[in-house]
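**Student:** Just passing along the structure, written as structure tokens.
The values are calculated or read from the model by the stated rules, or taken from the named source; none is laboratory data. Quick caveat: nothing in here was measured; it's all calculated off a predicted structure. All Cβ positions, glycine included, derive from the backbone under ideal geometry; neighbour counts span all protein chains shown.
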Amino acid sequence: MNDNVFQPVTPALGWITDLLAEAEIPFQVAGGVAAAAYGATREVNNIDLYIAAEHVPQVMRLVGVERIVHQPWRHRDESWDLILLAVEYKGQRIEVRVADVVRFRERATGKWLDAAIDLDGSVPVVIWGVEVPVMPRAQLVEYKHRLDRDIDRQDLSELEKVD
């Protein structure tokens, strides 16, 4: 696990983890933080996490209106089709994604695939001194292979070095 290098997102990761855990809201960390939890070493600039749709209003109340950068909205680009709430804590962006409706585009085929986020399948990992429930490694590797963006190839290359 990549726990040696303090990342700029660490204070925000601790804050959101404590907030969600105290409120007993199940969540799962994905993206760059999850890759780092499994050994990737690139700098992480934001936090991607998933929650169930039913918890979005509660999370909005917990984080406070002053930290909400974007209200929950559907975000669709060349790689993702999802609903997310963007929050900022001490200058760090946290993307709270709705696990129930996440799709991504497989680069090789152009097809949209269901991300199949299983919050109960999260793996507890300590990263940068913070224990977080992380997307299972096999799922992370699979969707990074299928997304096949530059950042995904970088993460996969670093994860292979750990194996």
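**Student:** Write out, first by first residue and then by second, each pair whose Cβ atoms fall under 7 Å of each other, whose residues are 6+ apart or on separate chains, and whose first residue, in the stretch 14-26, is without any contact (Cβ under 8 Å) to a residue 12 or more places away in the chain while the second is outside any helix (DSSP H, G or I) and crowded, with 16+ Cβ neighbours inside 10 Å.
**Tutor:** If the second residue must be outside any helix (DSSP H, G or I) and crowded, with 16+ Cβ neighbours inside 10 Å, no pairs are left.
**Student:** Can you tell me which residues in the stretch 107-117 are without any contact (Cβ under 8 Å) to a residue 40 or more places away in the chain, assigned to a loop (DSSP other than H, G, I, E, B) and on the phi < 0 side of the Ramachandran plot?
**Tutor:** Scanning the stretch 107-117 gives 109, 111, 115.
**Student:** While we're here: Those residues that are surrounded by fewer than 14 Cβ atoms within 10 Å (Cβ to Cβ) and either of a type in the set (Ser, Thr, Tyr) or touching a residue at least 12 places away in the same chain (Cβ under 8 Å) (or both), I need them from the stretch 42-57; list them, please.
**Tutor:** 43, 45, 53
**Student:** Output the residues belonging to the stretch 72-93 that are at pLDDT 95 or above and of a type in the set (S, T, N, Q).
**Tutor:** 79
**Student:** Sort through 137, 107 and tell me the only one that's closer than 21 Å to residue 76 by Cβ, among the basic types (Lys, Arg) and at pLDDT 95 or above.
**Tutor:** Details: 137 fails: closer than 21 Å to residue 76 by Cβ.
Only one candidate passes the filter, namely 107.
**Student:** Among the residues of the stretch 120-157, which ones are in a helix (DSSP H, G or I), touching a residue at least 60 places away in the same chain (Cβ under 8 Å) and crowded, with 17+ Cβ neighbours inside 10 Å?
**Tutor:** 137, 140, 144, 147, 155
**Student:** On to the next question. Would you be able to tell me the number of residues in the stretch 39-70 that are of a type outside the set (A, V, I, L, M, F, W, C) and either at pLDDT below 95 or within 17 Å of the chain's Cα centre (by Cα) (or both)?
**Tutor:** Number satisfying all stated conditions: 10.
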